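Read the structure below first, then the notes.
Bear in mind that the values in this text are calculations on the coordinates, not laboratory data. Every value quoted in this text rests on a predicted model; they were computed, and no experiment measured them. Reconstructed Cβ throughout: ideal geometry from the backbone, glycine too, with neighbour counts over all protein chains shown.
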Amino acid sequence: MGTDLSAALFTKDNIGKAEEAMKFYTSVFQNSEISKNINKYPTGMNPDREGMIMFADFRLFNDWLAIMDSGNDMQDFTFTPAISLMVKCKDQEEIDYYWEKLSANPNFEQCGWLEDKYGVSWQITPENMNELIRLPGAYKRMMNMKKLDIAGLRG
């Protein structure tokens with residue numbers, strides 16, 4: 001059995017932003033799409049508001065993601081850097097593009113990790129990171145970087 005669907009639950013300060021986030025992410029990533037499977041809360045589904053996303057899914061590259069809004073007070077959590085989405089980039093230009101589009105919290109940036117405007121954590125890395133990190137001194141250089149710099153990793 002396998003899986004290719006991850007889910008994001010928009011709670012607390014992000015309640016009602018799931019549809020906006022889905023549209024934002026599909027505007028940033030080429031080869032993405034929003035499925036026709038968009039289900040919104042009807043009237044009377046308190047604490048959720050009419051029109052918020054009950055369930056929807058969208059594709060970034062070849063990966064399907066589910067997205068939902070929830071106003072349920074029992075879901076007293078939000079996004080955390082313990083889970084991140086990784087984007088493997090072919091070159092520095094691609095790293096720069098995704099960093100510019102996604103990074104919204106400079107205080108969070110470290111070693112290729114960033115946080116977007118919804119609090120979702122991302123790792124923006126070169127696709128050959130396993131090779132680069134083995135170069136002498138690369139790990140130490142990486143620890144001093146916010147956005148990863150391929151030339152800097154090489155020394």
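The table that follows gives values for the structure above.
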{"quantity": "Residue in segment 57-64 that is farther than 30 Å from LYS146 by Cα and surrounded by 16 or more Cβ atoms within 10 Å (Cβ to Cβ) present", "calculated": "yes"}
{"quantity": "Residues satisfying the stated conditions in segment 129-144, i.e. surrounded by 10 or more Cβ atoms within 10 Å (Cβ to Cβ) and in a loop (DSSP other than H, G, I, E, B)", "calculated": "ILE133, LEU135, GLY137"}
{"quantity": "Odd one out for ASN37, checked against (1) part of a strand (DSSP E or B); (2) polar (S, T, N, Q); (3) surrounded by 13 or more Cβ atoms within 10 Å (Cβ to Cβ)", "calculated": "(3)"}
{"quantity": "Cβ pairs under 9 Å, 6+ apart, first in segment 62-77 and touching a residue at least 12 places away in the same chain (Cβ under 8 Å), second among the acidic types (Asp, Glu) and part of a strand (DSSP E or B)", "calculated": "TRP64/ASP57; LEU65/ASP57; ALA66/ASP57; ILE67/ASP57"}
{"quantity": "Hits in segment 44-61 (condition: hydrophobic (A, V, I, L, M, F, W, C) and touching a residue at least 24 places away in the same chain (Cβ under 8 Å))", "calculated": "MET52, ILE53, ALA56, PHE58, LEU60, PHE61"}
{"quantity": "Residue that is farthest from ALA21 (Cα to Cα), among those in segment 110-128 that are surrounded by fewer than 17 Cβ atoms within 10 Å (Cβ to Cβ) and either of a type outside the set (S, T, N, Q) or without any contact (Cβ under 8 Å) to a residue 24 or more places away in the chain (or both)", "calculated": "ASN128"}
{"quantity": "Extreme residue, nearest to ALA151 (Cα to Cα), among residues of segment 79-101 that are of a type in the set (S, T, N, Q) and surrounded by 15 or more Cβ atoms within 10 Å (Cβ to Cβ)", "calculated": "GLN92"}
